[in-house]
1. Report yes if some residue within segment 53-76 is on the phi > 0 side of the Ramachandran plot and either modelled with pLDDT of 95 or more or among the hydroxyl-bearing types (Ser, Thr, Tyr) (or both); otherwise report no.
2. Give the number of residues within segment 21-44 that are polar (S, T, N, Q) and in a loop (DSSP other than H, G, I, E, B).
3. May I ask you to list the residues in segment 45-69 that are of a type in the set (Phe, Trp, Tyr) and in a helix (DSSP H, G or I)?
4. I'd like the full set of residues that are closer than 22 Å to Glu106 by Cα, touching a residue at least 12 places away in the same chain (Cβ under 8 Å) and surrounded by fewer than 12 Cβ atoms within 10 Å (Cβ to Cβ), limited to segment 25-59.
5. Name the residue, out of Lys78, Lys18, that is assigned to a loop (DSSP other than H, G, I, E, B) and of a type in the set (D, E, K, R).
6. Surrounded by 18 or more Cβ atoms within 10 Å (Cβ to Cβ), touching a Cys at 6+ places or on another chain (Cβ under 8 Å), under 18 Å from Arg10 (Cβ atoms) and modelled with pLDDT of 95 or more - does that describe any residue in segment 93-100?
7. In segment 81-107, what count of residues is obtained for those that are within 11 Å of the chain's Cα centre (by Cα), part of a loop (DSSP other than H, G, I, E, B) and aliphatic (A, V, I, L, M)?
Amino acid sequence: MSENNKINVRILRFNPQKDKNPCFKNYEIKYDPKREKLSVLNVLDYIYENIDSSIAYYSSCRVGKCGGCSIRINSKVKLTCTTLVKGDLILEPIYNSNIIRDLIVER
C-alpha cells in the first residue's frame, strides 16, 4: 500500500485502431482499507466515472458467476468483481487472446 491511503493502479491500455503497441497508464486512487472494501471492478468503475472515461473493460453479473470480467490482476488471472483490493494493482488483459480494446479481449 502506498502512502497517504492511496493506491497506484497500472492498466495496460491498447486500442488497435489507434495504437501501434500496448502501453501502461498509471492512475492514483484514494483508498483507506480500514474504512472500505473495494473490488477491482469498483476501482475500474471509479477510474471510468471520475478520471478517464475512455478506459474499456467488461462487467456483467458482478457476483462471480459469468467469468466475463476475467483479467490478469498482479499477474494472476482473476475476476474483477470478486477480487478485493489489497494494495497497488497491475491490470492486464488475459493471456493468449486478441485484445479488442484495453482489458476487453475476444472470447
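The values are calculated or read from the model by the stated rules, or taken from the named source; none is laboratory data. Since the model is a prediction, treat every value here as computed from it, not as a measurement. Cβ coordinates were reconstructed from backbone atoms using ideal geometry, including for glycine residues, and neighbour counts include every protein chain displayed.
1. Scanning segment 53-76, I find at least one residue that is on the phi > 0 side of the Ramachandran plot and either modelled with pLDDT of 95 or more or among the hydroxyl-bearing types (Ser, Thr, Tyr) (or both), so the answer is yes.
2. Number satisfying all stated conditions: 1.
3. Tyr46, Tyr48
4. Correct list: empty.
5. Lys18
6. Scanning segment 93-100 turns up no residue that is surrounded by 18 or more Cβ atoms within 10 Å (Cβ to Cβ), touching a Cys at 6+ places or on another chain (Cβ under 8 Å), under 18 Å from Arg10 (Cβ atoms) and modelled with pLDDT of 95 or more.
7. Qualifying residue count for the region: 2.
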